[in-house]
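To start, the structure under review is shown below, and the notes come after it.
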Amino acid sequence: MLRVAFLLAACLLVAGFSAWPGLAGALAGHLVAPGGTSPLLPSGPIDAALARLPDRGGHVSTRAGVDVFWRAIDPGDYGLRMSWPAGQSAADGFPDLQFNVPAGQPPAPRGTVVLLHGWMMHGDSMLPWALRLGEAGYRTISIDLRNHGRSGEAPAGYGTREAADVVDVVVALRERGEIVGPLHVLGVSYGAATAIFAGADPRLNARRIVALESFSAAGTAIRDMVPYMLTEAPAPPSGWLARQWMHWRLDADVLDEAVAQAGRSLELPLDEVDVGAALARVPCPLLVHGDADRHVPVSHGRALAAAAPHARYLEIPGEDHLSLPMRLDLLTPAIVEWLEQPACPTSALVAAG
């Protein structure tokens, strides 16, 4: 849901809403569909990087009738280097990627990792993870969730309906021989909740689920995120007036009505989208959350850990919702070690630094 409040603020300023039912309705509209791709994603550099890489992909039509796009990247010695322009960091957007293009036939994968992106992102936003896990010997398959990227449009499910799509794609790709070795799923934010719901479906048959900064319940996440986006999140100066107006009008009743309206539009009560309940049915999950996350506060990660005592929970000091997924230097060794465990280790609450 990155930058959704900024987009909404601009719409409201033009529309001139003056009563909270209008504000709630406008907010509900942005909760129903992504409304575009996040400005954090630079399409040109990502497309240029992908043009250099040997990959393959296509669409799978799911049982819900959604054409879902997938892209496979094989393992190789990519020598990935990530950097940000001077004065910027992971909180400022997508990194510059430098990598080698491996020559010859790729090695046999030691397993397959399905990569799931966040709200207003797409599968190509997971390219750094595809390259880093490729260096560790894994084939990766990134998926554009419904309403994102090259996939078709359909009612959003806050991870529930998207998970059914993911399972259908995995079943189809398994039949085509694209899923090699043990299957794992790694998701970020919205994609992390999707990964958890997918992992609860026995048809997925995944060995490990890795969820980075997932929300614990959809309605709670919306109520946590929107006020932060309107009060403390960085915003362009052009949106200051609209954001101040929205902050003045926003209260608990507006948020409750927006969540209710979005749920009615989606025919999915958002307060009943319970990721923790699904997590209890996931065999061996790894949860990761940054303790400085203000978009999806760390309370969500802790709630998920409490709902699933068999899960391993890593809490990363100082990392927020934008920086955590880019800490490949810190997270890749822990995640690869988790994927390679022959059995699910004893769970523990762990702080990593």
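The values are calculated or read from the model by the stated rules, or taken from the named source; none is laboratory data. Fair warning: this is a prediction, and the values are worked out from it, not measured in the lab. Cβ atoms come from the backbone with ideal geometry, glycine included; neighbour counts cover every protein chain shown.
Are any residues in region 303-341 under 14 Å from Leu286 (Cα atoms) and among the polar types (S, T, N, Q), and if so, which ones?
Thr332, Gln341
Could you grab me the full set of residues in region 288-324 that are aliphatic (A, V, I, L, M) and closer than 23 Å to Phe94 by Cα?
Looking only at region 288-324, we keep the residues that are aliphatic (A, V, I, L, M), and these are 288, 292, 296, 298, 303-308, 311, 314, 316, 322, 324.
Correct list: Val288, Ala292, Val296, Val298, Ile316, Leu322, Leu324.
Give the number of residues within region 135-156 that are of a type in the set (Gly, Ala, Ser), under 19 Å from Ala206 (Cβ atoms) and surrounded by 21 or more Cβ atoms within 10 Å (Cβ to Cβ).
Pass one, region 135-156, residues of a type in the set (Gly, Ala, Ser): 136-137, 142, 149, 151-152, 154, 156.
Then keep just the ones that are under 19 Å from Ala206 (Cβ atoms); that gives 136-137, 142.
With surrounded by 21 or more Cβ atoms within 10 Å (Cβ to Cβ) added as a condition, the list becomes 142.
So the answer is 1.
Restricting attention to region 136-184, and to residues there that are among the β-branched types (Val, Ile, Thr) and farther than 30 Å from Asp77 by Cβ, which single residue is nearest to the chain's Cα centre (by Cα)? Write out each step before concluding.
First, the residues of region 136-184 that are among the β-branched types (Val, Ile, Thr): 140-141, 143, 160, 166-167, 169-171, 179-180.
Narrowing further to those that are farther than 30 Å from Asp77 by Cβ: 160, 167, 171.
Values: Thr160: 13, Val167: 16, Val171: 21 Å.
Checking each candidate, the answer is Thr160.
Among the residues of region 279-299, write down those that are in a helix (DSSP H, G or I) and surrounded by 24 or more Cβ atoms within 10 Å (Cβ to Cβ). Show your work before the answer.
Start the filter on region 279-299 by keeping residues that are in a helix (DSSP H, G or I), which leaves 279, 298-299.
Of everything in region 279-299, just one residue is in a helix (DSSP H, G or I) and surrounded by 24 or more Cβ atoms within 10 Å (Cβ to Cβ), namely Leu279.
How about region 205-216: which of its residues are over 16 Å from Leu286 (Cβ atoms) and surrounded by fewer than 22 Cβ atoms within 10 Å (Cβ to Cβ)? Break it down into steps so the answer makes sense when it comes.
Let us first name the residues in region 205-216 that are over 16 Å from Leu286 (Cβ atoms), namely 205, 215.
Matches in region 205-216: Asn205 only.
Condition first: touching an Asp or Glu at 6+ places or on another chain (Cβ under 6 Å) and under 27 Å from Val296 (Cα atoms). Now tell me which residues in region 70-119 satisfy that.
Ser83
For region 254-281, what are the residues that are among the charged types (D, E, K, R) and within 21 Å of Leu304 (Cβ to Cβ)? Please lay out each step first, then the result.
Within region 254-281, the subset among the charged types (D, E, K, R) is 256-257, 264, 267, 271-272, 274, 281.
Asp271, Glu272, Asp274, Arg281 - these are the residues of region 254-281 that are among the charged types (D, E, K, R) and within 21 Å of Leu304 (Cβ to Cβ).
Being of a type in the set (S, T, N, Q), surrounded by 14 or more Cβ atoms within 10 Å (Cβ to Cβ) and closer than 30 Å to Asn205 by Cβ, is that true of even one residue in region 103-112? Write out each step before concluding.
Within region 103-112, the subset of a type in the set (S, T, N, Q) is 105, 112.
The next check asks that each one be surrounded by 14 or more Cβ atoms within 10 Å (Cβ to Cβ); those that pass are 112.
Within this subset, residues satisfying the condition of being closer than 30 Å to Asn205 by Cβ are 112.
Yes, the conditions are met somewhere in region 103-112.
Kindly provide the set of residues from region 300-325 that are part of a helix (DSSP H, G or I) and surrounded by fewer than 23 Cβ atoms within 10 Å (Cβ to Cβ), ordered by number.
At the first step, the residues of region 300-325 found to be part of a helix (DSSP H, G or I) are 300-307, 324-325.
Answer for region 300-325, where residues must be part of a helix (DSSP H, G or I) and surrounded by fewer than 23 Cβ atoms within 10 Å (Cβ to Cβ): Arg302, Ala303, Ala306, Ala307.
In region 45-94, which residues are assigned to a helix (DSSP H, G or I) and among the basic types (Lys, Arg)? Walk me through how you get there before you give the answer.
Applying the first criterion (assigned to a helix (DSSP H, G or I)) to region 45-94 yields 45-52, 90-92.
Listed by number, the list holds a single entry, Arg52.
Mind checking whether some residue in region 57-74 is touching a residue at least 40 places away in the same chain (Cβ under 8 Å) and farther than 21 Å from Ala198 by Cβ?
Step one: list which residues in region 57-74 are touching a residue at least 40 places away in the same chain (Cβ under 8 Å), which gives 59-60, 62-74.
Add one more test, that the residue is farther than 21 Å from Ala198 by Cβ, and what stays is 74.
Yes, region 57-74 contains a residue that is touching a residue at least 40 places away in the same chain (Cβ under 8 Å) and farther than 21 Å from Ala198 by Cβ.
For region 30-44, how many residues are assigned to a helix (DSSP H, G or I) and either among the polar types (S, T, N, Q) or in contact (Cβ under 8 Å) with a residue 40 or more places away in the chain (or both)?
Taking region 30-44 as the starting set, the residues that turn out to be assigned to a helix (DSSP H, G or I) are 30-32, 43-44.
Remaining after also requiring either among the polar types (S, T, N, Q) or in contact (Cβ under 8 Å) with a residue 40 or more places away in the chain (or both): 31-32, 43.
Counting residues in region 30-44 that are assigned to a helix (DSSP H, G or I) and either among the polar types (S, T, N, Q) or in contact (Cβ under 8 Å) with a residue 40 or more places away in the chain (or both) gives 3.
Select from region 176-192 the residues that are surrounded by fewer than 24 Cβ atoms within 10 Å (Cβ to Cβ) and either modelled with pLDDT under 95 or of a type in the set (Val, Ile, Thr) (or both) and list them in ascending order.
Going residue by residue through region 176-192, those that are surrounded by fewer than 24 Cβ atoms within 10 Å (Cβ to Cβ) are 176-183.
Within region 176-192, Ile179, Val180 qualify.
When you check His310 against the structure, is it assigned by TED's automatic domain parsing to the domain that holds Val188 and within 22 Å of Leu183 (Cβ to Cβ), yes or no? Give the steps one after another, and end with the answer.
Working: assigned by TED's automatic domain parsing to the domain that holds Val188: yes; within 22 Å of Leu183 (Cβ to Cβ): yes.
The answer is yes for His310.
For region 215-234, does any single residue satisfy the condition of being among the polar types (S, T, N, Q) and either modelled with pLDDT of 95 or more or in the same structural domain as Glu319 (by TED's automatic domain parsing) (or both)?
Step one: of region 215-234, the residues among the polar types (S, T, N, Q) are 216, 220, 231.
After this cut, where a residue has to be either modelled with pLDDT of 95 or more or in the same structural domain as Glu319 (by TED's automatic domain parsing) (or both) as well, the list is 216, 220.
Within region 215-234, one or more residues are among the polar types (S, T, N, Q) and either modelled with pLDDT of 95 or more or in the same structural domain as Glu319 (by TED's automatic domain parsing) (or both).
If you go through region 124-133 one residue at a time, do you hit one that is in a helix (DSSP H, G or I), of a type in the set (Phe, Trp, Tyr) and farther than 24 Å from Ser265 by Cβ? Even if it seems obvious, please write down each step before you answer.
Of region 124-133, the ones in a helix (DSSP H, G or I) are 124-133.
Cutting the leftovers down to of a type in the set (Phe, Trp, Tyr) gives us 129.
Those left that are additionally farther than 24 Å from Ser265 by Cβ: 129.
So far as region 124-133 goes, yes, one or more of its residues are in a helix (DSSP H, G or I), of a type in the set (Phe, Trp, Tyr) and farther than 24 Å from Ser265 by Cβ.
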